[in-house]
Amino acid sequence: ARLVVLVSGSGTNLQALLDAVADPAYGAEIVAVGADRDGIAGLTRAERAGVPTFVHRIKDHADRADWDAALTASVERHRPDLVVTAGFMKILGARFMAAFAGRIVNTHPALLPAFPGAHGVADALAYGVRVTGCTVHLVDAGVDTGPIIAQGVVEVLDADHADGGEALHERIKTVERRLLVEIVGRLAREGHRIEDRKVWIPA
Ligand code: GRF
């Protein structure tokens, strides 16, 4: 399967995917990496792996719809079977959703539907939950509302309240990278169907 990965930051989830696709048995290749900003480690990781990259910054476009069209066109050019948003911090536009509906996989650092949005780790910590984790899900028109594929659980420690959630986020990301690699591989090799908001991967 052909994957396009979208990133906004350090790209450690991308790196886990880049490492996984090095094994042909994984059943997927990363054909391009896109970003909404430049100068990020995620792009460097792609370049180091010899994967083509593209950047579309919202501020370089007349409006959000124009950015959406440009991003959609760049991704379409690579004919992906799946798009993975791995720490991509922008909400995808209507055009993008129409082009890739049901084929966009996102990873979120909380147990959805709790704590959606850009501050999932901090929000869970502030609420005082004792367990949190990560969610791999399909993207729909809402923010972190799409059908859930898999979740991983991480315990919150008392000490996590001392550093603003940094260590907790690192423990979540360790689980997250493993889960994302596992799920993307299964989707790539086995496909999936969506039924009544449930995602089924043929076993
Ligand atoms: C991940 O925890 C992702 O879920 C969140 O941002 C982090 C991205 O990390 N939204 P990285 O860029 O893959 O290292």
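Summary of values
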{"item": "Condition check for R64: more than 15 Å from the ligand (Cβ to nearest atom), of a type outside the set (F, W, Y) and at positive phi", "result": "no"}
{"item": "Candidate set: region 1-32, residues that are of a type in the set (S, T, Y) and closer than 20 Å to H56 by Cβ; chosen: the one farthest from the chain's Cα centre (by Cα)", "result": "S10"}
{"item": "Every residue from region 110-140 that is under 26 Å from I40 (Cβ atoms) and either among the aliphatic types (A, V, I, L, M) or not assigned by TED's automatic domain parsing to the domain that holds E155 (or both)", "result": "A110, L112, A118, V121, A122, A124, L125, V136, L138, V139"}
{"item": "Candidates A203, A159, A150 - the one that is among the aliphatic types (A, V, I, L, M) and at pLDDT below 95", "result": "A203"}
{"item": "When residues of region 83-109 are limited to those that are charged (D, E, K, R) and either touching a helix residue (DSSP H, G or I) at 6+ places or on another chain (Cβ under 8 Å) or within 12 Å of the ligand (Cβ to nearest atom) (or both), the one farthest from I30 (Cα to Cα)", "result": "R95"}
{"item": "Number of positions in region 19-56 that are in a helix (DSSP H, G or I), touching a strand residue (DSSP E or B) at 6+ places or on another chain (Cβ under 6 Å) and either modelled with pLDDT under 95 or among the hydrophobic types (A, V, I, L, M, F, W, C) (or both)", "result": "3"}
{"item": "Residue ID - surrounded by the fewest Cβ atoms within 10 Å (Cβ to Cβ), chosen from residues in region 80-98 that are hydrophobic (A, V, I, L, M, F, W, C) and touching a residue at least 60 places away in the same chain (Cβ under 8 Å)", "result": "M89"}
{"item": "Selection within region 28-45 - in contact (Cβ under 8 Å) with a residue 40 or more places away in the chain and under 19 Å from A1 (Cβ atoms)", "result": "A28, V31, A32, G34"}
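The values are calculated or read from the model by the stated rules, or taken from the named source; none is laboratory data. Treat the numbers as computed from the prediction; the structure is a model and nothing was measured. Note that each Cβ is placed from the backbone with ideal geometry, even for glycine, and that neighbours are counted across all protein chains shown.
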